[in-house]
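Reviewing the structure listed below.
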């Protein structure tokens with residue numbers, strides 16, 4: 001039997017910036033990255049922005065804060081560095097959640113104060129996608 005699961009990503013986007021600078025400053029390697037103008041997989045279309053993305057794989061849970069705590073362990077202490085990168089390169093920051101609901105069991109979705117302060121400090125937005133199987 002499948003269970004509801006949630007994954008989260010930190011997505012750092014901009015027109016043109018050095019992805020290696022982000023990796024060096026954060027001390028974390030991205031799960032995926034690309035440069036503005038790179039081809040999209042096996043298509044003839046090109047990327048319209050540069051991206052550095054770190055993914056936390058899906059976790060079976062009925063509480064979004066289980067994945068948020070894992071995310072915080074990696075990035076909470078990096079708020080200053082993320083903010084500096086954002087200013088230096090004029091970046092957009094997004095924290096993306098993908099929630100896959102199984103067996104009509106949606107998770108609790110709420111954000112604790114520490115996480116809200118972090119998101120505000122780095123000037124990020126949320127992108128929350130839900131899928132019902």
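The values are calculated or read from the model by the stated rules, or taken from the named source; none is laboratory data. Keep in mind that this is a model prediction, so the values were computed, not measured. Glycine gets a Cβ as well: all are built from the backbone with ideal geometry, and neighbour counts include every protein chain shown.
Is at least one residue of the range 75-93 closer than 18 Å to residue 7 by Cα, out of contact with any helix residue (DSSP H, G or I) (no Cβ under 9 Å at 6 or more places or on another chain), surrounded by 14 or more Cβ atoms within 10 Å (Cβ to Cβ) and touching a residue at least 40 places away in the same chain (Cβ under 8 Å)? Outline the logic, then answer.
Initially, the range 75-93 is screened for residues closer than 18 Å to residue 7 by Cα, giving 75-76, 93.
Those still in the list that are out of contact with any helix residue (DSSP H, G or I) (no Cβ under 9 Å at 6 or more places or on another chain) too: none.
For the range 75-93, residues closer than 18 Å to residue 7 by Cα, out of contact with any helix residue (DSSP H, G or I) (no Cβ under 9 Å at 6 or more places or on another chain), surrounded by 14 or more Cβ atoms within 10 Å (Cβ to Cβ) and touching a residue at least 40 places away in the same chain (Cβ under 8 Å): absent.
Listed here are the residues, each with its yes/no results for (1) modelled with pLDDT of 95 or more; (2) out of contact with any strand residue (DSSP E or B) (no Cβ under 8 Å at 6 or more places or on another chain).
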residue	(1), (2)
28	yes, no
44	no, yes
52	yes, no
81	yes, yes
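Look through the range 1-17, keep the residues that are farther than 20 Å from residue 124 by Cβ and at pLDDT 95 or above, and return whichever of them is surrounded by the most Cβ atoms within 10 Å (Cβ to Cβ).
Restricting attention to the range 1-17, the residues satisfying the condition of being farther than 20 Å from residue 124 by Cβ are 1-5, 16.
Checking which are at pLDDT 95 or above leaves us with 4-5.
Numbers: 4: 21, 5: 18.
By that ranking, first place goes to 4.
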Can you pull out the residues in the range 18-67 that are more than 13 Å from the chain's Cα centre (by Cα), under 30 Å from residue 105 (Cα atoms) and part of a strand (DSSP E or B)? 59, 60, 63
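Only one of these is modelled with pLDDT of 95 or more, surrounded by fewer than 16 Cβ atoms within 10 Å (Cβ to Cβ) and in contact with a strand residue (DSSP E or B) (Cβ under 6 Å, 6 or more places away or on another chain): 126, 71, 97. Name it. I'd like the intermediate steps shown before the answer.
On the way: 71 fails: surrounded by fewer than 16 Cβ atoms within 10 Å (Cβ to Cβ); 97 fails: surrounded by fewer than 16 Cβ atoms within 10 Å (Cβ to Cβ).
Of the residues listed, the single one that is modelled with pLDDT of 95 or more, surrounded by fewer than 16 Cβ atoms within 10 Å (Cβ to Cβ) and in contact with a strand residue (DSSP E or B) (Cβ under 6 Å, 6 or more places away or on another chain) is 126.
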A careful count of residues in the range 30-45 that are surrounded by fewer than 16 Cβ atoms within 10 Å (Cβ to Cβ) and in contact (Cβ under 8 Å) with a residue 12 or more places away in the chain gives 4
Pick from 119, 66: which is closer than 29 Å to residue 20 by Cβ and at pLDDT 95 or above? 119
Residues located in the range 99-121, provided they are in contact with a helix residue (DSSP H, G or I) (Cβ under 8 Å, 6 or more places away or on another chain) and part of a helix (DSSP H, G or I): 114, 115, 118, 121
For residues in the range 100-123 being buried (at least 16 other Cβ atoms within 10 Å of the Cβ) and out of contact with any strand residue (DSSP E or B) (no Cβ under 7 Å at 6 or more places or on another chain), which is nearest to residue 7 (Cα to Cα)? 115
